[in-house]
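The values are calculated or read from the model by the stated rules, or taken from the named source; none is laboratory data. Quantities reported herein were computed from a predicted structural model and do not represent experimental measurements. Using ideal geometry, Cβ is built from the backbone for each residue, glycine included, and neighbour counts are taken over all protein chains shown.
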Amino acid sequence: MSRERLRALYVQYAPTIYARCLRLLGDDAAAADATQETFVRLQRHLETAPDGVEALRWIYRVATNYCLNQVRNQRRGAEPVDTLPEPPGRDLEDQLLGVDFARRLMAYMPRKVSTVAWLHHVEGLQQDEVAEVLDVSRRTVVNRLQQFRELAVRFQEKP
Amino acid sequence: MARISGHVSTLALHRHVLAALGAEERARIDHHLETCDRCRALLDDEIGVQQRFTASTMPRHLEALPPGRRPWSWLLVPVLVPALAAALLLVLRPLERRDDRPDLLVKGDLHLDAYASRGGRVLPVTPGAALSPGDQIRFVVTGLPAGRPLHALVASVDGRGAVSVYFPFGGTASAPLEGPGPQVLPGSVVLDDAPGPERVFALFSPKPFTAEGARAALEGLGRAGPEQIRSARALAGVTQDQRTLWFEKSAR
């Protein structure tokens, strides 16, 4: 790919990638770094994507996976107990509308589960849209959402 | 339309910002946005985030992009498929000729980029981008050397053959630009209703120069017609260092 083509793709898609990363990470500098990393991983797909819809699917898939991995990696550092997420309670979906709470909760979830849960509960994608973006079956989405709910409930059971 | 409790999903908002929605879906979302403060705020926030990135972070990232593959390296690929090789050579030849012409060789790593503002949204101007009368354009020059000002002139010719000097605006001679870092050229240009292509050239020189030669070359290009405007790569008889971009204006 020529440098000019690379620049054109970057100018076209990087603002969208950055907005995705900022929403997932909540930090300007981390989102800027994640944008470059995501773009490097995506550039071949973006070049061959026939339209903005297909490109957005790739952006959602790659940026979400990358950033939630970053969130999970950050959790591996020492963290005081009192900063752990509060138990979700019965109104989990309402609580997930608070992005900070959702971000911290996702850090404790397996990647495949957290990606589906984030897209559905936080970003508001319907189950079939999540399936389309992640290139999995709707049944898989349903199963992972169920896993997410079960894992979230375990926070209630922790002493 | 995906929703949380009746709201628009972020995917739908991103499609809206990227203008990647069908007419029916767009109309549904526009209608929802008119009546939903929460989603309107999300869209405004999304636009604001993208605008901040475009204005502040993107220019730095563009300068750090890897150099990419040289055009000639593609010639090694299709040796086993003669027909494909012939086709590729036909496609790549203009690129080789552009880079090899010594009178037009571009020094350094200068770039001219443009961004269009439309209804609160900022869109990068990609080659051949479809723009409308009333869109506001801003130009950004990156790759300027530090400590050594270059003299620059940014001018265009449109589908009616009209020549405009955008930097310095309405000027008759170049003005200095200095790096490091991107330079957002002052002021924005509001597009008129002249339909068809508009090609913009940024001309650079270590020494000041007048706009006279550029005007004459652009007027000649305008007389050559829209197809020549779309395909032109450089202006002859002006500065050696030049960059160009173009877009397509629709009728109102």
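Values for this structure:
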{"quantity": "Of residues in the range A:37-51 being part of a helix (DSSP H, G or I) and touching a Phe, Trp or Tyr at 6+ places or on another chain (Cβ under 9 Å), the one surrounded by the most Cβ atoms within 10 Å (Cβ to Cβ)", "calculated": "A:T38"}
{"quantity": "Members of the range A:111-128 found to be part of a helix (DSSP H, G or I), under 23 Å from B:R38 (Cα atoms) and small (G, A, S), listed by number", "calculated": "A:A117"}
{"quantity": "Condition broken by B:G170, with the remaining ones in (1) within 16 Å of the chain's Cα centre (by Cα); (2) at pLDDT 85 or above; (3) part of a loop (DSSP other than H, G, I, E, B) satisfied", "calculated": "(1)"}
{"quantity": "Those residues of the range A:43-53 which are β-branched (V, I, T) and more than 7 Å from chain B (Cβ to nearest Cβ), in sequence order", "calculated": "A:T48"}
{"quantity": "Test: residue in the range B:214-230 that is closer than 21 Å to A:V11 by Cβ and assigned to a helix (DSSP H, G or I)", "calculated": "yes"}
{"quantity": "Top-ranked residue of the range B:31-89 - restricted to ones that are at pLDDT 70 or above, touching a helix residue (DSSP H, G or I) at 6+ places or on another chain (Cβ under 7 Å) and farther than 17 Å from A:Q36 by Cβ, ranked as nearest to the other protein chains (Cβ to nearest Cβ)", "calculated": "B:E46"}
{"quantity": "Sole exception among (1) within 13 Å of another protein chain (Cβ to nearest Cβ); (2) surrounded by 14 or more Cβ atoms within 10 Å (Cβ to Cβ); (3) at pLDDT 75 or above for B:G22, by number", "calculated": "(2)"}
{"quantity": "Pairs with Cβ under 7 Å, 6+ apart, first in the range A:89-110 and over 18 Å from A:Q147 (Cα atoms), second at pLDDT below 65 and part of a helix (DSSP H, G or I)", "calculated": "A:F101/A:Q95"}
{"quantity": "Enumeration of residues in the range A:1-18 that are touching a Ser or Thr at 6+ places or on another chain (Cβ under 9 Å) and either at positive phi or facing chain B (nearest Cβ under 7 Å) (or both)", "calculated": "A:A8, A:V11, A:Q12, A:A14, A:P15, A:Y18"}
{"quantity": "Selection count, the range A:22-42, where residues are touching a residue at least 12 places away in the same chain (Cβ under 8 Å) and at the interface with chain B (Cβ under 10 Å from one of its Cβ atoms)", "calculated": "5"}
{"quantity": "Extreme residue, farthest from the chain's Cα centre (by Cα), among residues of the range A:23-35 that are of a type outside the set (D, E, K, R) and surrounded by 18 or more Cβ atoms within 10 Å (Cβ to Cβ)", "calculated": "A:A32"}
{"quantity": "Residue match in the range A:15-28 (condition: modelled with pLDDT of 85 or more and not in a helix (DSSP H, G or I))", "calculated": "yes"}
